[in-house]
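Report on the structure given below.
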């Protein structure tokens, strides 16, 4: 996917920005969301993920 970033790179960016206790929870997207992309013959659920990111930045 264009514009995608690996979890390691994302975590590194957050660390460099001063965040700690970084937790990235990935989830498979719903069929409804995957179908919005309109690409036939490709199961996008193997490629798309939804993520919830929790991190703390000390003052």
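The numbers here are math on the coordinates, done by the rules we state, and not lab data. These numbers come from a predicted model, not from an experiment. So basically every Cβ, Gly included, is an ideal-geometry build from the backbone, and we count neighbours across all protein chains shown.
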Margin query: Please arrange 21, 11 by how many other C-beta atoms lie within 10 Å of their C-beta, fewest to most.
Written below: 21, 11
Margin query: Quick check: the angle from helix 7-16's long axis to the longest principal axis of the chain, C-alpha only, nearest 10 degrees?
Written below: 30 degrees
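If I take every Cα pair under 8 Å that is 6 or more residues apart in the chain, average their sequence separation and divide by the length, what percent do I get for the relative contact order?
On the way: 55 pairs, mean separation 25.6, N = 59.
It comes to 43 percent, rounded to a whole number.
Arranged by the count of other C-beta atoms within 10 angstrom, fewest first, what order do 47, 56 take? Present the calculation step by step, with values, prior to reporting the outcome.
On the way: 47 13, 56 10.
The fewest-first ordering by Cβ neighbours comes to 56, 47.
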